[in-house]
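The values are calculated or read from the model by the stated rules, or taken from the named source; none is laboratory data. Worth saying up front: this structure is predicted, and the values here are computed from it rather than measured. So basically every Cβ, Gly included, is an ideal-geometry build from the backbone, and we count neighbours across all protein chains shown. Please note that ligands, DNA and RNA were not included when accessible areas were found on the heavy atoms of the full protein model with its side chains. Shrake-Rupley method; radii C 1.70, N 1.55, O 1.52, S 1.80 Å.
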Amino acid sequence: VRRRIKKDGITFEKPSDVVPLLRHYADRKQENFLCVSLNGANEILNTRVVTIGLADRSHVHPREVFADVLVDRASAIILAHNHPAGSLDPSEEDIAVTKQIAQAGKILGIVVLDHIIFNQREYLSFVERGISIF
């Protein structure tokens with residue numbers, strides 16, 4: 001007799017699945033860069049603030065992103081950050097840092113599934129918008 005033990009984790013299937021986990025960061029005055037780590041079944045293991053920046057930007061390095069993700073033994077991550085000013089349009093820096101993190105993840109065997117930018121009312125998904133992560 002085989003039995004399956006199912007974790008009580010939240011499974012990521014589309015960007016909107018993780019947005020509720022991020023909403024309480026939407027009203028922050030400074031940009032918060034977050035990382036959601038997932039296991040091989042796309043179940044959410046952890047959500048962490050990687051850096052807290054200025055009102056309009058947050059400096060982030062792959063080293064900080066992957067430090068705790070490696071401890072989680074995650075297979076994939078979702079990046080996210082709030083835009084305190086309200087606009088959801090990704091900056092050139094947002095796109096560049098996403099590509100840098102995705103390249104580092106590729107070396108580590110950890111897939112970057114998406115990058116979500118959000119404010120108090122709505123969100124933008126790089127994947128849904130067709131913005132290349134690589």
Entirely in segment 1-111, the helices (runs of 4 or more DSSP H) that have 3 or more residues that are under 17 Å from I133 (Cβ atoms) and either over 12 Å from the mean Cα position of the chain (by Cα) or at pLDDT 90 or above (or both): 62-72, 92-108
Qualifying residues in segment 112-134 (those that are in a loop (DSSP other than H, G, I, E, B) and aliphatic (A, V, I, L, M)) - the one nearest to H61 (Cα to Cα): I133
Within segment 68-83, tally of residues that are open to solvent by less than 50 Å² (accessible area, probe 1.4 Å) and closer than 24 Å to Q30 by Cβ: 8
